[in-house]
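A.B. asks: Quick one: the structure is below, questions incoming.
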Amino acid sequence: QVQLVESGGGLVQPGGSLKLSCAASGSIFRFSVMGWYRQAPGKQRELVARISSGGVTYYADTVKGRFTISRDNAKNTMYLQIDSLKPEDTAVYYCKIMHLEVWGQGTLVTVSS
């Protein structure tokens, strides 16, 4: 059974940065397209970035230039570097194995002064 555990969320001021991590169990990670999603209060969950097993990336227009997705297959870990945070980035951030209905528990990012 594959499990995903996110970490790194917190309270940060506008303009600040955070680096989220997603640790995966099992060997499937290195072969999988992985994604970061977020769900803001009262809104639907949305894809913000994804990365292929070989490191090809995709970003939603709303985060392009501020978010950087990366992965370390040797550590079974995916990352999301978030820079120039805005209040509208406030959300629970989830990681997902894209071809499976496997989600982490989420990590809360709150952007507020």
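A.B. asks: Inside the range 33-72, can you point out the residues that are within 13 Å of residue 22 (Cα to Cα) and surrounded by fewer than 15 Cβ atoms within 10 Å (Cβ to Cβ)?
C.D. replies: Scanning the range 33-72 gives 70, 72.
A.B. asks: In addition: Any chance you could count how many residues in the range 43-62 are over 20 Å from residue 24 (Cβ atoms) and either basic (Lys, Arg) or modelled with pLDDT under 95 (or both)? Before the answer, list the steps.
C.D. replies: Filtering the range 43-62 down to residues over 20 Å from residue 24 (Cβ atoms) leaves 43-44, 46, 59-62.
Pick out the ones that are also either basic (Lys, Arg) or modelled with pLDDT under 95 (or both) and you get 43, 62.
Number of matching residues: 2.
A.B. asks: Within the range 9-32, which residues are open to solvent by less than 60 Å² (accessible area, probe 1.4 Å) and over 20 Å from residue 66 (Cβ atoms)?
C.D. replies: If the condition is that a residue be open to solvent by less than 60 Å² (accessible area, probe 1.4 Å) and over 20 Å from residue 66 (Cβ atoms), then 23, 24, 25, 26, 28, 29, 32 are the ones that fit.
A.B. asks: Can I ask one more? Of all residues in the range 76-106, which are more than 17 Å from residue 56 (Cα to Cα), open to solvent by 20 Å² or more (accessible area, probe 1.4 Å) and either modelled with pLDDT of 95 or more or part of a loop (DSSP other than H, G, I, E, B) (or both)? Don't jump to the end; show me each part of the working.
C.D. replies: Start the filter on the range 76-106 by keeping residues that are more than 17 Å from residue 56 (Cα to Cα), which leaves 82-94, 100-106.
Retained after the next criterion (residues that are open to solvent by 20 Å² or more (accessible area, probe 1.4 Å)): 83-84, 86-88, 90, 92, 94, 100-103, 105.
Within the range 76-106, 83, 84, 86, 87, 88, 90, 92, 94, 100, 101, 105 meet the criteria.
The values are calculated or read from the model by the stated rules, or taken from the named source; none is laboratory data. These numbers were taken from a predicted model, which means no experiment stands behind them. Please note: Cβ atoms are built from the backbone with ideal geometry, for glycine as well, and neighbour counts cover all protein chains shown. Accessible surface areas use protein heavy atoms only, side chains included; no ligands, DNA or RNA. Shrake-Rupley method; radii C 1.70, N 1.55, O 1.52, S 1.80 Å.
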